[in-house]
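The values are calculated or read from the model by the stated rules, or taken from the named source; none is laboratory data. Note that the structure is predicted; figures quoted are calculated from it, not measured. Glycine gets a Cβ as well: all are built from the backbone with ideal geometry, and neighbour counts include every protein chain shown. Accessible surface is based on the protein model in full, side chains and every heavy atom, while ligands, DNA and RNA are left aside. Shrake-Rupley method; radii C 1.70, N 1.55, O 1.52, S 1.80 Å.
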Amino acid sequence: MSPGPTMFYCFYPVIVATLSCLLTVSNTAVNFSNVDIPKDHMPFYFHNFPDIAKQCLSDHECPFKDAVERNRCWGYERSCSKQYSYSSPDCNDSSKGLSKNKELVNRFYEQADFGYVRKRDREMQIMCEPLFKDDSSLECADHLRFCRGRNLMLNFTDLTKKKEPIRYAMDVLKHGQIGGYCKLHKKRLMDQCDHISPLQSWGPELRNFVELPHRPIENNICDVIVEKPTFILKIDASVNMYHHFCDFFNLYAALHLNSSHPDMFTRDVHILIWESYSYLSNFAPVMETFTQHPVWDLKTFRGDIVCFRNVVFPLLPRMIFGLFYNTPVVYGCEKSGLFHAFSKHILHRLRIPLHKREDDKIHVTLLSRQTKYRRILNENEILKRLEENPNYVVKKVSYSHQMPFVEQLEITHNSDIFIGMHGSGLTHLLFLPDWASVFELHNCEDENCYKDLARLRGIKYFTWEDPEKVFKEDEGHHPDMGAHAKFTNYHFDVDEVSAIVEKASNHVQKHPAFQQFISVKRESNHETLHNEL
């Protein structure tokens, strides 16, 4: 493995030893094609790295010169003024008598937007303090929800004794099986070990951290030395889109929280999954947007003492008041810039196109479930009614494992209205165009899950309103809890479906982004006609 850019830690004298600075020195000029983020995100990138912006201006091959002079910032930087930040959350809800409220906007921004990254960044404390550049180091946010370190040792020799596969385990490491050569602030670290749960914090692992008597790499105690930066992930459920995208979203947020180097978005990093199951998922292409290398698991290092030059313990999927899964979405607020940026980042990395339109019709996609429960019993009748509307282009899809995920995203991203029953497939709403509407046909008594996700993404949400016009096949049969709304199938009043879709269509047609999208198409058609004449 070849080392990346040279990185040195420097520290103030002991009297202010809790303040640290990170000096990064890149050995080569930046290859701008390797940054590989949406062009619209480049002004924010240049704000963080002004030296790179200067390189762009002096490089005649840099394609982003028009992004250099734009004064924009993500929102977590200390030098970022609110009027120039990526996000503009909306806390207007006239239907509930709410008006734009600065306090609500600020709360939403801190809980569900780049303000969350800013708050975690302000919390960072040195847990194990280096005195020289070759020493180890460890620093963490409150409750050990995010940590990063250098020259750390992890001892996986006991994994050879474990007979059962490891997943959601809190005993992977014993005391002394993780550590570094640095001054350990043990009480400070232990005080933050208060969220002891597999997917809530790094407390189960870092409570075992010790101060080593020697530098682990220089003293040859490592069986394996990992030179490239490594992200260690504790993932939720790789078979379920909703839960796995909680992993991906928190990893993306962690890239911003770890944004101390121009290579903050590089794919030349390793990912180690904190379980012994091999990583297999229909959503694996999304993992490839974060790393260009094969994904490791605990079997990779079973029986080894491993030393990591640079290691990140990123934000986790089920943190208390965390991001995505446990986000307390402020009532009446929507449009998280962090969720918007994540959507654009993934779409860009996967090269998902937004197709040109030949007309102004609304593209309606109905997600058909092929599962035992939550099927639409009169699906064909609903499709027939929607297809009768000359203003709609209607498509029925089934997003199964047989359809490549990239192909699924292409369909979703080119939909104006996305319709589906309550279920993880509705997580696709993250990748709808900004003007789109999502119609959750029935929320099955779980009313906030996808409603909140739509609000966070800034997509208009609709669901069933009249309980007299929806009919259950039976009371539902949960294997343990008896009657349950998620364990049956449904028949819907077709007129009511049509009426709600019409509301969703009206929203799309009035949305400024859709009008701009259509106007570009009209201008293109007009120019073509002019040329033909």
#### Entry: Cα-only radius of gyration and Dmax that characterise region 271-327, units Å
13.5, 38
### Summary
Within the under-13-Å Cβ sphere about Asn208, not counting Asn208, Lys/Arg +1 and Asp/Glu -1 give a net charge of -1
### Message
Taking amide H atoms as placed 1.01 Å from N in the peptide plane, list the residues 5 or more away in sequence, or in a different chain, whose amide H sits under 5 Å from that of Ala485.
### Response
none
### Test item: Cα-centred dipole of region 250-347, Lys/Arg +1 and Asp/Glu -1 on Cβ, debye
100 debye
### Unit charges on C-beta of K, R, D, E only; dipole of the chain, Debye
1140 debye
### Query
Quick one: net charge of His175's neighbours, Cβ under 13 Å, K/R +1, D/E -1?
-1
### Query
Taking amide hydrogens as modeled 1.01 Å from N in the peptide plane, which residues meet the under 5 Å criterion relative to Phe146, leaving out close sequence neighbours?
Ala141
### Summary
When the charge dipole of the chain is computed with +1 at the Cβ of Lys and Arg and -1 at the Cβ of Asp and Glu, the Cα pointing farthest to the positive end, of Tyr76, Pro317, Tyr109, is that of Tyr76
### Summary
Note to self: with every protein chain in place and a 1.4 Å probe, region 233-389 gives an accessible area per residue in Å² of 37 Å²
#### Entry: Gyration tensor (Cα) of region 115-168, equivalent ellipsoid semi-axes in angstrom
28, 19, 7
### Task
Determine the calculated [θ] at 222 nm for the chain from helices alone, applying -39500 (n - 2.57) to every DSSP H run no shorter than 4 residues and normalising by the residue count; nearest 500 deg cm²/dmol.
-8500 deg cm²/dmol
### Message
Looking at region 375-522, I'd like the Rg to Rh ratio, where Rg is from alpha-carbon atoms and Rh is Kirkwood's inverse mean 1/r.
### Response
0.97
### Message
Rolling a 1.4 Å sphere over the protein heavy atoms, what is the accessible area per residue of region 410-515, to the nearest Å²?
### Response
38 Å²
### Task
Specify which labelled value, from (1) 36; (2) 29; (3) 21, agrees with percent of Cα pairs over 40 Å apart derived from the coordinates of the model shown.
(2)
### Task
Just add up the charged neighbours of Asp121: K/R +1, D/E -1, any other residue whose Cβ is under 13 Å from the Cβ of Asp121.
+2
### Task
Any chance you could give the angle, 0 to 90 degrees and rounded to 10, that helix 241-257 forms with the longest Cα principal axis of the chain?
50 degrees
### Query
Based on the mean of other beta carbon atoms within 10 Å per residue, what is the order of 306-315, 385-394, most packed first?
306-315, 385-394
### Message
If I ignore ligands, DNA and RNA and count only protein heavy atoms, how much of Ser260 is accessible to a 1.4 Å probe, in Å² to the nearest 10?
### Response
50 Å²
### Summary
Burial-style ranking of 214-222, 44-52, 57-65, average other-beta-carbon count within 10 Å with highest first, yields 44-52, 214-222, 57-65
### Query
Under a no-solvent Debye model with one identical scatterer per Cα of region 364-448, what's log10 I(q)/I(0) at q = 0.17, 0.21 Å⁻¹?
-0.70, -1.07
### Query
P(r) of region 162-305 in 5 Å steps, Cα pairs, percent per bin?
2, 8, 15, 20, 21, 20, 11, 3, 1
